[in-house]
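**Q** My structure is below; once you've seen it, I'll send some questions.
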């Protein structure tokens with residue numbers, strides 16, 4: 001089991017308080033500075049973390065049925 005966090009010894013110089021808009025701008029500018037390949041690789045990593053290695057998750061079966069409605 002890990003030790004509890006000791007907030008008294010935390011290096012507070014590494015943190016800053018910002019508003020939502022500036023954080024959103026910084027996040028967007030970061031991802032816009034990355035290549036499309038880097039973005040796709042990050043997306044693949046996030047999907048792997050979320051869904052795991054097994055790509056055969058059970059899913060709902062889709063069934064389409066076409067019916068004829070009587071004309072009025």
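**Q** Can you tell me which of (1) surrounded by 10 or more Cβ atoms within 10 Å (Cβ to Cβ); (2) at pLDDT below 80 is the one residue 55 doesn't meet?
**A** Just one mismatch for residue 55, condition (1).
**Q** Which one is modelled with the lowest pLDDT among residues in segment 15-37 that are in a loop (DSSP other than H, G, I, E, B) and surrounded by 10 or more Cβ atoms within 10 Å (Cβ to Cβ)? Explain how you work it out, then say what you get.
**A** Going residue by residue through segment 15-37, those that are in a loop (DSSP other than H, G, I, E, B) are 15-19, 33-35.
If we keep only those that are surrounded by 10 or more Cβ atoms within 10 Å (Cβ to Cβ) too, we end up with 18, 34.
Values: 18: 84, 34: 95.
Among residues in segment 15-37 that are in a loop (DSSP other than H, G, I, E, B) and surrounded by 10 or more Cβ atoms within 10 Å (Cβ to Cβ), the one modelled with the lowest pLDDT is 18.
The values are calculated or read from the model by the stated rules, or taken from the named source; none is laboratory data. Note that the coordinates shown come from a computational prediction; the quantities given were computed from them, not determined experimentally. In this analysis, Cβ positions are derived from the backbone assuming ideal geometry, glycine residues included, and neighbour counts consider all displayed protein chains.
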